[in-house]
Structures are given as structure tokens and as C-alpha cells.
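The block underneath contains the structure these notes are about, expressed in C-alpha cells.
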Amino acid sequence: MNSPEQARQDYLRIEQALKFLEQHYHRQPTLKEIAGAAHLSEYHFQRLFGRWVGVTPKRFLQFLTKEHAKLCLRRSRSILEAAYDSGLTGPGRLHDLFVSCEAVTPGEFKEGGRGVDIYYGIHPSPFGDCLLAATRRGVCNFRFLTDDQDDDPVDWLACQWPAD
């Protein structure tokens, strides 16, 4: 078990890594670069990051990249521009990222889900009820439902996919 001082140091290192990723995701830094920002070896950093963040550094980088690309696509940028602006080598990489993380292609996302069959339901979970939506490729939306939400979950989902 780690001492409180070790836990504090680990927290600060992960905080440094998260800030580094947030500032540099456009250039798709390597694990070595990210670990260097936290002043750790790649192996130790990979384990520590997973323990504190719950996903690998690569997966976290994919999330940041995808969220930026979604903003680009919402701003009517082309798929090619969104890919390059997000630090990816081309639209094929953006396609793979969207399919694996959003269960839709970048074009389907850009079109607001036009032509995509989205199935949804409200399901119990250990943390309370949740809205789960999926395409034929996998989960495309997930949201925990709380008593203090002002909007209807189905209306929220319709806003996420306005053309469906």
C-alpha cells in the first residue's frame, strides 16, 4: 500500500500527464513523451495512469482526439479537415476512431445520424438507471439518469442525433 506522500506524488504526476495530453493531443504524442511529462518510465507510467484514470493513456488520447474531431464536424468542417485538425494522419484514422468509440462513421456523425438505426432503452445499473443507445456497430450514447436532470433522457438523445 502506498503512503499518503506517495499517493500525493502519484496524483501530481498523473495531473501533469493529463495537462500534457490536453495541451498536446493535436500532435498525437507517444507513450514515451507522455511518460516523460510525468517524469516516469513508460512501463511505470502506463500502470500508474491506468490505476488512477481507469483507461490506458492511448485510450484517453483517443477520447480527446475524438471529442475535438466532433467539434470540428459540428462546425461544418470536412472529414479530411477534422482528421488533420485533430492530429490524425487522414480520414481513415478518423473513421476507425469514430467506429470504435462512437459506433458510427464520421460522416454519419456529421449528418446527425441520418440513415442510422439507433436503438435505445432505459436500464438499471449498480449506479442507478441509465439510458443506453446503440447502433448495429455498438454503443453510441450512454447517460446516467438522476433525479435532478431538467431534460427528458429521450429528448436529450434526440438532440444528440437530430437527423435520426
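The selection criterion, being surrounded by 15 or more Cβ atoms within 10 Å (Cβ to Cβ) and under 24 Å from residue 157 (Cβ atoms), holds for residue 103. Does the stretch 35-42 contain any residue that is at positive phi, among the small types (Gly, Ala, Ser), in the same structural domain as residue 88 (by TED's automatic domain parsing) and free of Cβ contacts under 8 Å to residues at least 12 places away in the same chain? So far as the stretch 35-42 goes, no, none of its residues is at positive phi, among the small types (Gly, Ala, Ser), in the same structural domain as residue 88 (by TED's automatic domain parsing) and free of Cβ contacts under 8 Å to residues at least 12 places away in the same chain.
Restricting the stretch 64-80 to residues that are charged (D, E, K, R) and within 15 Å of residue 113 (Cα to Cα), the residue that is surrounded by the most Cβ atoms within 10 Å (Cβ to Cβ) is 70. A count restricted to the stretch 23-43 and to residues that are over 30 Å from residue 84 (Cβ atoms) and loosely packed, with under 14 Cβ neighbours inside 10 Å stands at 3.
Return a yes/no flag: does the stretch 45-58 have any residue that is buried (at least 16 other Cβ atoms within 10 Å of the Cβ), modelled with pLDDT of 95 or more and under 13 Å from the mean Cα position of the chain (by Cα). Yes: the stretch 45-58 contains one or more residues that are buried (at least 16 other Cβ atoms within 10 Å of the Cβ), modelled with pLDDT of 95 or more and under 13 Å from the mean Cα position of the chain (by Cα). Within the stretch 10-33, residues that are within 19 Å of residue 52 (Cα to Cα) reach partners that are of a type in the set (A, V, I, L, M, F, W, C) and not in a helix (DSSP H, G or I) with beta carbons closer than 6 Å, at six or more positions or on different chains, in the pairs 13/38; 16/38; 17/38.
Would you say residue 87 is touching a His at 6+ places or on another chain (Cβ under 8 Å) and under 24 Å from residue 18 (Cα atoms)? Yes, satisfied.
The values are calculated or read from the model by the stated rules, or taken from the named source; none is laboratory data. What you see is a predicted model, and the numbers here were worked out from it, not measured in a lab. Neighbour counts run over all protein chains shown; Cβ positions are idealised from the backbone, glycine included.
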